[in-house]
1. Using DSSP to call loops (not H, G, I, E or B), can you name the trypsin sites (Lys or Arg not before Pro) in the range 249-307 whose Cβ has at most 10 other Cβ atoms within 10 angstrom?
2. Checking the a/c ratio against 1.5 first, then a/b against b/c, what shape does the Cα gyration tensor give for the chain?
3. For a quick check: with amide H placed at 1.01 Å from N, whose amide H comes under 5 Å from residue 23's, ignoring anything fewer than 5 positions away on the same chain?
4. Put 13, 18 in order of accessible area, largest first, 1.4 Å probe: what do you get?
5. Treating the beta-carbon of each Lys and Arg as +1 and of each Asp and Glu as -1, no other charges, what is the dipole magnitude of the range 1-78 about its Cα centre, to the nearest 20 debye?
6. Multiply the residue separation of residue 311 and residue 242 by 0.36 nm, subtract the distance between their alpha-carbon atoms, and state the gained length in nm to one decimal.
7. As a test of reading the structure, rank 85, 16, 91, 100 by solvent-accessible area (1.4 Å probe, protein chains only), most first.
8. For the chain, what proportion of DSSP beta bridges, expressed in % and rounded to the nearest 5, is antiparallel?
Amino acid sequence: MNDPKAFIAQALERLRAEVPGRTIVAASGGIDSTAAALLAQRALGERSRAVFVDTGLLRAGEAERVDALFRATGLAYRPVEASERFLAALRGVRDPERKRKRIGAEFVRLFQEQATEFGTDRLLQGTIAPDWIESGGALRDTIKTHHNVGGIPKSSKLVLVEPLRDLYKDEVRAVARELGIPEADRQPFPGPGLAVRVHGAVDRDRLRRARVANAVVEEEVDRAVAAKEMTAPWQYFAVLLDARTVGVTGDNRVHGEAVSVRIVDSVDAMTATAASVPPAVLGRIARRITRELPREVVRVLYDVTDKPPATIEWE
Ligand code: XMP
């Protein structure tokens with residue numbers, strides 16, 4: 001793609017051909033699906049309905065942020081509160097692939113219900129090229145099952161519409177800017193949400209810890225970037241590890257959990273390098289996470305691995 005304007009004009013035409021009736025849109029508030037939802041709204045008007053699901057796996061303040069974003073871009077949407085069913089689907093599941101599959105299956109069930117209610121079999125989503133390439137689409141091993149392409153069973157009646165499937169991340173950002181999405185340079189966030197940043201079992205308590213740690217990393221990095229202590233990284237977050245480790249508070253030894261901080265530079269997510277972050281910034285992150293989660297998180301690590309051999313997310 002060379003010209004975002006030309007891409008958009010073509011995408012609108014294609015959408016009108018591909019969706020003769022109505023469609024629902026899986027809108028997560030990320031750049032990809034917001035761009036896809038806006039294209040659908042432009043092409044189809046009220047025949048398109050964007051659905052935003054609160055899975056209970058969102059970051060701190062995410063539902064509010066998404067609401068503000070959709071309002072700012074003029075995207076009409078329907079919010080659906082579904083945290084209980086996603087937590088139930090994840091109960092007792094530790095394996096990363098099974099987590100993604102369970103989340104994907106729950107999304108499919110939910111969107112199936114939403115589609116039926118809206119009188120359509122079309123589900124439009126913001127899948128981009130790395131999603132399906134890394135899900136094993138192009139004769140590659142399945143590296144990972146992305147929830148947005150891994151979970152649709154053959155028996156499902158949903159017909160997928162994917163207007164961005166040939167674009168890479170930097171191209172989607174250009175399209176998003178052209179569509180007037182204000183946060184087009186915002187960092188990406190995985191569809192399965194904090195579930196893939198909670199290593200091991202997922203429950204409300206562990207999600208809360210991951211949520212606090214992710215908020216601290218985002219705030220401290222944003223602050224350091226604003227203060228020109230470092231350049232803006234491509235993606236930055238925290239992972240709650242599946243490890244019990246010893247800490248000390250006052251005179252007491254305590255057993256808590258550990259958090260790994262991941263800050264990477266990348267262009268298209270296919271490769272990435274671990275960012276070199278000033279030690280003072282990492283120190284502030286470690287102190288705040290352990291202070292805001294006393295006795296719960298007692299150790300903070302920094303992940304220095306590039307992609308490859310590691311992936312960006314832990315799971
Ligand atoms: P990995 O971990 O494969 O991640 O190096 C590459 C980029 O993709 C994001 N990511 C996802 N995005 N659904 C998504 O929409 C997913 O299931 C998913 N998993 C990872 C990740 O945050 C990184 O930017």
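The values are calculated or read from the model by the stated rules, or taken from the named source; none is laboratory data. Note that the structure is a prediction, hence the values are computed from the model and not measured. Every residue, glycine as well, gets a Cβ built from its backbone with ideal geometry; the counts of neighbours run over all protein chains shown. Calculation scope for accessible area: heavy atoms of the full protein, side chains included, ligands and nucleic acids excluded. Shrake-Rupley method; radii C 1.70, N 1.55, O 1.52, S 1.80 Å.
1. Passing sites in the range 249-307 do not exist.
2. prolate
3. Sorted by chain and number, the residues that satisfy this are 48, 49.
4. Numbers: 13 135, 18 80 Å².
I get 13, 18, largest accessible area first.
5. Working: 11 positive and 9 negative charges, 46 e Å.
Roughly 220 debye for the range 1-78.
6. Working: separation 69, 0.36 × 69 = 24.84 nm, distance 1.75 nm.
So the chain would gain 23.1 nm between residue 311 and residue 242.
7. In descending accessible area the options line up as 91, 16, 85, 100.
8. Numbers: 15 of 35 bridges.
Percent antiparallel among DSSP bridges in the chain is about 45.
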